[in-house]
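The values are calculated or read from the model by the stated rules, or taken from the named source; none is laboratory data. Every value quoted in this text rests on a predicted model; they were computed, and no experiment measured them. A quick note on method: Cβ atoms are made from the backbone with ideal geometry, for glycine too, and the neighbour counts reach across all protein chains shown. Note: areas computed on protein heavy atoms with side chains; ligands, DNA, RNA excluded. Shrake-Rupley method; radii C 1.70, N 1.55, O 1.52, S 1.80 Å.
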Amino acid sequence: MKLSMLSPLLLSVFLFSLLQSSTFAVRKSYIVYLGGHKHGLNPTSAELHRVKNSHYELLGSLVGSTETAKEKIFYSYTQNINGFAAILDEDEASQVSKHPNVVSVFLNKGRKLHTTRSWDFLRLERNGVIPSDSLWKKAKFGEDTIIGNLDTGVWPESKSFSDDGIGPIPSRWRGSCQRGVDDRFRCNRKLIGAKYFNRGYEAYLGEKLNATFKTVRDHEGHGSHTLSTAGGNFVNGASVFGYGNGTAKGGSPKARVAAYKVCWPPVNGNQCFDADIMAAFDAAISDGVDVLSVSLGGEAAEFFEDGIAIGAFHAVKKGISVVLSGGNSGPAPGTVSNLSPWMFTVGASTLDREFTSYVELGNKIRLKGASLAAATLKSKTSYPLIGADHAKAANASAVDAILCQPGSLDPIKVKGKILVCLRGINPRTDKGKQALLSGAVGMILANDEKSGNEVIADPHLLPATHLNYTDGVTVFAYINSTKNPTAYLTPVKTQLDAKPAPFMASFSSRGPNVIDPAILKPDITAPGVSIIAAFSESVGPTEDESDTRRIPFTSQSGTSMSCPHVSGIVGLLKSLHPEWSPAAIRSAIMTTARTRDNTVNPMLDSDGNKATPFSYGAGHVRPNRAMDPGLIYDLTINDYLNYLCARGYNQTTIQLFSNKPYVCPKSHNVADLNYPSITVPELNGTTIITRKVKNVGTPGTYKAHVRSPVGVMVTVHPSTLKFTKIGEEKKFEVRLRPSSKKVDAEGGVGYVFGVLRWCDGYHYVRSPLVVKRK
């Protein structure tokens, strides 16, 4: 009865709601982008407030009042990006887009998580989903592995070092948290240790350091970046000015981390001194770290004259894996550093994410560049274009001007134009600063020939983009071909699945090993270009004093960035296989590496030619394959001592080095060190190399497959190895002799390259063959 009486009322309410739904438009969240800011690099609070009010006034003029606008706007971008985010209906969004001050209006679209893209590219996750066969899952995300980092310290407040979801500190940890003069510095269950070492730096400086040096706090950002790449926790919503937005995490996201500050403000180009580095190694070994990540180095030196090599040896002796950067002195041959065989040395290559900004020339040619500049050109129209060599100051040389060196540019010639600078000498972002100080509205950074195809996305202070060598030549040719050259720089966009990837970074230092050519270096390559990770908030992303921007994450490039990728992967393997030695872990990573890119073609060097083992070592790291390598090339401390003996070090010295009784073997060859790669720097007649492999997988029979270097005949004896149990070891010989075939050496250093693979139908145990015929 009641239901029948209420039905007419319910019907009328329903009809009214239908009528209302057709009257009120659907509201969605939009971003209104207004370009750059009029305020300078150091905005005052009043200027920031004025920008926010201008957003209210703009939207208020279209929606009825500033009060309504305040209700609609939920983000106001006031620091670097000029714009706001608001709840609008389609008609309101359309009206806003027609405003003369608006660059664009677009939906606040949902996206998949992509930061750091490295781990997706390395297949630890797939589009933000972690598959069941991922090393992350198998190794429990590196849970309770302890990764130490020798660098510029750490920014402890970074969310990458939050201990959310982290259990108690492992009882085996013996380290401490050294606050120094910084009362705000705190460790936790994630960042479990922090120490600083500056006496070597003080001694070199020759004067007493003040109290500000008594802290582990990172005032440069390098140490926070590298440590978070190796072992940072999961952080949602990480980006650089909104680019690359996603979840940041390290290679071992659940590992514990410890910071050892050994690097300080540069003195004569040096920041980290051996006395401090060795003291840090000493402390870290005592503290109980499992992995040491060391993104620093210098000129190659004999092992006993190299503080890093000495420190690393003592760490490896205690079962600690030491991963080091190979250096940024490429692409010239013989530039790689950190060369001892107990070190795990890493080169740098690209990944498949790009931050693109196009150059649109006045002749309609469009060239793809790389950038992370927050600012964009205020107008969509083209701007006058000038080469820096045509904008030189009266007292400057054309050479200094084209490089955009400080004081070399004439503001009268530059003002209001897009300036083209050549890469080299001064930092890339400093060129942008010089362009901005001279009145440029934007900058195009063009590679020199040496830098080739390598372009790097930097957080420039003004609209800017970085072009490869070929495209840079195109820009300069256009400038010289017309009286009034013009150009436009498009806003930055994040692009995924770039091809080809990886390819070698130009800056990555190359082999051969100048201390011992029989040991291939680098050992491996990993992502090291435009890597997003945690940063210090005491310095701007360009690390220039004039840069007042502060961001929790930034993008950096270098072998300093590739090194902690491998450190994080080593941490995972330590968790999964705690019984493996540092040499076993290195072998697993090297023998499972790949040398083809995502187009299934051979990896390229930065100049577009085929890359060689002197660029990438054994290849590009593949974490999931490394957890089950099948066979490993293991090494003990005695093996390293025998190697030193073969190198000519006397028995007494080696005994002191090892701190135990030791007798040199009657005969031992440097080339017989059980290294996962095989290098013969002087092939004259037949050379026999001995190796030994250990089975760490299922029982099986392995057959040898060889792709011989050009002009070299290679045979393996025996060519079949049968394993019946885990831990079983087998020896084999590799015989190499010159053939009569004419040799065209690869890579410009007189070497030729091949591959030895042991295969059981599932595992592929791959070793590069590197040979120089005499």
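Is at least one residue of segment 718-738 open to solvent by less than 30 Å² (accessible area, probe 1.4 Å) and in a loop (DSSP other than H, G, I, E, B)? Within segment 718-738, not a single residue is open to solvent by less than 30 Å² (accessible area, probe 1.4 Å) and in a loop (DSSP other than H, G, I, E, B). Taking the criterion of being in a loop (DSSP other than H, G, I, E, B) and at pLDDT 85 or above, the only residue of segment 37-56 that qualifies is T44. For K692, the test of being of a type in the set (K, R), open to solvent by 10 Å² or more (accessible area, probe 1.4 Å) and at pLDDT 95 or above is passed. I'd like to verify a number: residues in segment 176-186 that are in a loop (DSSP other than H, G, I, E, B) and closer than 23 Å to M278 by Cα, how many? Summing the residues that are in a loop (DSSP other than H, G, I, E, B) and closer than 23 Å to M278 by Cα in segment 176-186 gives 4. A count restricted to segment 407-426 and to residues that are open to solvent by 10 Å² or more (accessible area, probe 1.4 Å) and either without any contact (Cβ under 8 Å) to a residue 12 or more places away in the chain or in a helix (DSSP H, G or I) (or both) stands at 3. For A194, the stated conditions hold: it is outside any loop (DSSP other than H, G, I, E, B), of a type in the set (G, A, S) and open to solvent by less than 10 Å² (accessible area, probe 1.4 Å).
Residue-by-condition table, conditions (1) open to solvent by less than 40 Å² (accessible area, probe 1.4 Å); (2) modelled with pLDDT under 95; (3) outside any loop (DSSP other than H, G, I, E, B):
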residue: D458; (1), (2), (3): yes, yes, no
residue: H466; (1), (2), (3): yes, no, yes
residue: A477; (1), (2), (3): no, no, yes
residue: A498; (1), (2), (3): yes, yes, no
residue: L520; (1), (2), (3): yes, no, no
residue: T525; (1), (2), (3): yes, no, yes
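Checking each residue in segment 604-652 for being crowded, with 22+ Cβ neighbours inside 10 Å and among the charged types (D, E, K, R) picks out only D605. Residues of segment 368-406 that are surrounded by fewer than 20 Cβ atoms within 10 Å (Cβ to Cβ) and under 29 Å from G83 (Cβ atoms): K368, K378, S379, K380, T381, S382, P384.
In this entry, W173 passes the filter for residues that are assigned to a loop (DSSP other than H, G, I, E, B), over 21 Å from C263 (Cα atoms) and of a type in the set (F, W, Y).
None of G64, G60 is at positive phi and at pLDDT 60 or above except G64. Against the conditions (1) in the same structural domain as T559 (by the TED database); (2) not in a strand (DSSP E or B), V323 satisfies every one except (2). Checked against (1) touching a helix residue (DSSP H, G or I) at 6+ places or on another chain (Cβ under 9 Å); (2) of a type in the set (F, W, Y); (3) crowded, with 24+ Cβ neighbours inside 10 Å, W580 passes all but condition (3).
Among the helices (runs of 4 or more DSSP H) confined to segment 596-670, the ones with at least 3 residues that are touching a strand residue (DSSP E or B) at 6+ places or on another chain (Cβ under 6 Å) are located at 613-616.
Only one entry in T494, T490, T542 is open to solvent by less than 40 Å² (accessible area, probe 1.4 Å), over 17 Å from G330 (Cβ atoms) and under 19 Å from the mean Cα position of the chain (by Cα), namely T542. When A284, A230 are checked against the criterion of being in a helix (DSSP H, G or I) and either surrounded by fewer than 24 Cβ atoms within 10 Å (Cβ to Cβ) or in contact with a Ser or Thr (Cβ under 7 Å, 6 or more places away or on another chain) (or both), a single residue qualifies: A230. Considering only residues in segment 697-709 that are in contact with a strand residue (DSSP E or B) (Cβ under 7 Å, 6 or more places away or on another chain) and open to solvent by 30 Å² or more (accessible area, probe 1.4 Å), the one that is nearest to D516 (Cα to Cα) turns out to be S708.
Residues checked against (1) small (G, A, S); (2) under 23 Å from S530 (Cβ atoms):
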site	(1), (2)
S397	yes, no
G407	yes, no
I425	no, yes
N447	no, yes
V455	no, yes
L462	no, yes
G472	yes, yes
T482	no, no
D497	no, yes
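Condition test on G246, is it within 20 Å of the chain's Cα centre (by Cα), modelled with pLDDT under 90 and closer than 21 Å to G568 by Cβ? Yes, satisfied. Considering only residues that are of a type in the set (G, A, S) and either assigned to a loop (DSSP other than H, G, I, E, B) or open to solvent by 70 Å² or more (accessible area, probe 1.4 Å) (or both), look in segment 671-689 and name the one that is modelled with the highest pLDDT. Among them, the one singled out is S677. Surrounded by 24 or more Cβ atoms within 10 Å (Cβ to Cβ) and either in a loop (DSSP other than H, G, I, E, B) or not hydrophobic (A, V, I, L, M, F, W, C) (or both), is that true of S329? No; evaluated as a whole, the condition is false for this residue.
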